[in-house]
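The values are calculated or read from the model by the stated rules, or taken from the named source; none is laboratory data. Owing to the predicted nature of the structure, the values given are computational and were not obtained by experimental measurement. So basically every Cβ, Gly included, is an ideal-geometry build from the backbone, and we count neighbours across all protein chains shown. Accessible surface is based on the protein model in full, side chains and every heavy atom, while ligands, DNA and RNA are left aside. Shrake-Rupley method; radii C 1.70, N 1.55, O 1.52, S 1.80 Å.
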Amino acid sequence: MNVVKKRALITGITGQDGSYLAELLLAKGYDVYGLIRRASTFNTARIDHIYADPHDKPPLRLIYGDLSDASSLNQALRESQPDEIYNLGAQSHVRVSFDIPEYTGDVTGLGTLRMLEAVRETGSKARFYQASSSELYGAVREVPQRETTPFNPRSPYAAAKAYAFYLVANYRDAYGMHASNGILFNHESERRGETFVSRKITRAVAHIKYGLQDKLYLGNLDAKRDWGYAPDYVHAMWLMLQADTPDDYVVATGEMHTVREMVELAFGTAQLDWQKHVAIDPKYFRPTEVEQLLGDATKARTKLGWKPQVGFEELVKRMVAHDLEQVRRKVEGHRERANETRSD
């Protein structure tokens, strides 16, 4: 008896969450399609270890498309025929959104509209997951933040995410779509982009440890965040689309730590004194700051059976260990090449 495999389409598959989600779904026996932009350079490093020759019909296939181009989204749906859609694609850097607000609104906000319309226009019955964000809460109106907490976005990125959130809720009600929002609080990993503060810290620790860097420049050390581990959070995404009824869920650890705490722990893990190496640069402050974010994931725990597995301290230690190993290999590689040159 042939078992029909589920199909999933992931936008943003080359990002941190997209790569972990692809691994999760492949492990569960899905055929996975990833939407990637056609560009002069490819940014597939996070999925290269699982991507194979498309002519061999592997379980992971990449489709060219762009959230700013509706026709390509319609084509991607026709080609992939997904049972589940995970819309993770976005201009996702909060600080950068102040510099490119129009692009952020187009991709992060209108891109969600284009994807929802593609689902509607093609008649797809796929279940839809929207990557929402704790940045929706902005200047928070209650602590902790839960699904009923009013939004108060404080950046172009957060405003675009708010637009996308309400679109998903509207399409769910208007067209009967199985569409859910995951309001994910900060989640990090060894695959986090190098411009995000967590990875910026752990990479700097590794470079300072090996004498390749002396200073790390940061912005607001007193900002408080609820930090979790990305693989835990993509599991929550999958659980939302297995539920009989679509809904919106906060995904968070329920613990809050300052950037300063992350700095202290990261440098301490490498036996370094952070105060000798960290300096404040005003250019890293946001025009409008979000001082604290703390999530209440009670609903996800009770309705989905989800809970985080990796805590803050373990998360930071894993990231530091990964970056120390990366830099060690780089340094040793340079030494070997230098020795080969001298021997020639």
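Points to keep in mind about this one:
- Criterion (in contact with a His (Cβ under 9 Å, 6 or more places away or on another chain) and closer than 30 Å to Asp173 by Cα) met by exactly one of Thr302, Thr245: Thr245
- Residue pairs meeting the criteria (Cβ under 8 Å; at least 6 apart or on separate chains; first at pLDDT 95 or above, in region 78-91; second of a type in the set (Asp, Glu)): Leu88/Asp17
To keep it simple, each residue is scored yes or no on (1) assigned to a loop (DSSP other than H, G, I, E, B); (2) buried (at least 19 other Cβ atoms within 10 Å of the Cβ); (3) of a type outside the set (Phe, Trp, Tyr).
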site	(1), (2), (3)
Met177	yes, yes, yes
Asn181	no, yes, yes
Thr195	yes, no, yes
Arg203	no, yes, yes
Ala206	no, yes, yes
Asp222	yes, no, yes
Trp238	no, yes, no
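- Residues that are modelled with pLDDT of 95 or more number at least 1 in the following helices (runs of 4 or more DSSP H) confined to region 94-138: 101-104, 111-122.
- Thr253 among the hydroxyl-bearing types (Ser, Thr, Tyr), touching a Gly at 6+ places or on another chain (Cβ under 8 Å) and part of a loop (DSSP other than H, G, I, E, B): yes
- Among residues of region 294-310, those that are open to solvent by 40 Å² or more (accessible area, probe 1.4 Å) and within 20 Å of the chain's Cα centre (by Cα), counted: 3
- When the residues of region 224-236 are filtered to those that are open to solvent by 10 Å² or more (accessible area, probe 1.4 Å) and part of a helix (DSSP H, G or I), the one that is nearest to Asp17 (Cα to Cα) is Pro231.
- Within region 1-32, the set of residues being in a strand (DSSP E or B), without any contact (Cβ under 8 Å) to a residue 60 or more places away in the chain and either closer than 25 Å to Ser92 by Cβ or aromatic (Phe, Trp, Tyr) (or both) comprises Val32 only.
- Condition check for Phe42: surrounded by fewer than 17 Cβ atoms within 10 Å (Cβ to Cβ), over 22 Å from Gln242 (Cα atoms) and at pLDDT 90 or above: no
- Between Glu332, Glu314, Glu340, Glu336, the distinction of being in contact with a Phe, Trp or Tyr (Cβ under 9 Å, 6 or more places away or on another chain), surrounded by fewer than 14 Cβ atoms within 10 Å (Cβ to Cβ) and assigned to a helix (DSSP H, G or I) belongs to Glu314 only.
- Subset of region 134-154 [open to solvent by 10 Å² or more (accessible area, probe 1.4 Å), small (Gly, Ala, Ser) and under 21 Å from Val107 (Cβ atoms)]: none
- Members of region 124-146 that are closer than 17 Å to Ala162 by Cβ, of a type outside the set (Ser, Thr, Tyr) and touching a helix residue (DSSP H, G or I) at 6+ places or on another chain (Cβ under 6 Å): Gln130, Glu135, Leu136, Gly138, Gln145
- Flag for Lys28 being farther than 22 Å from Gln75 by Cα, over 20 Å from the mean Cα position of the chain (by Cα), modelled with pLDDT of 90 or more and surrounded by fewer than 19 Cβ atoms within 10 Å (Cβ to Cβ): yes
- Region 255-264, subset open to solvent by 40 Å² or more (accessible area, probe 1.4 Å) and out of contact with any Leu (no Cβ under 7 Å at 6 or more places or on another chain), residue farthest from Val143 (Cα to Cα): Glu264
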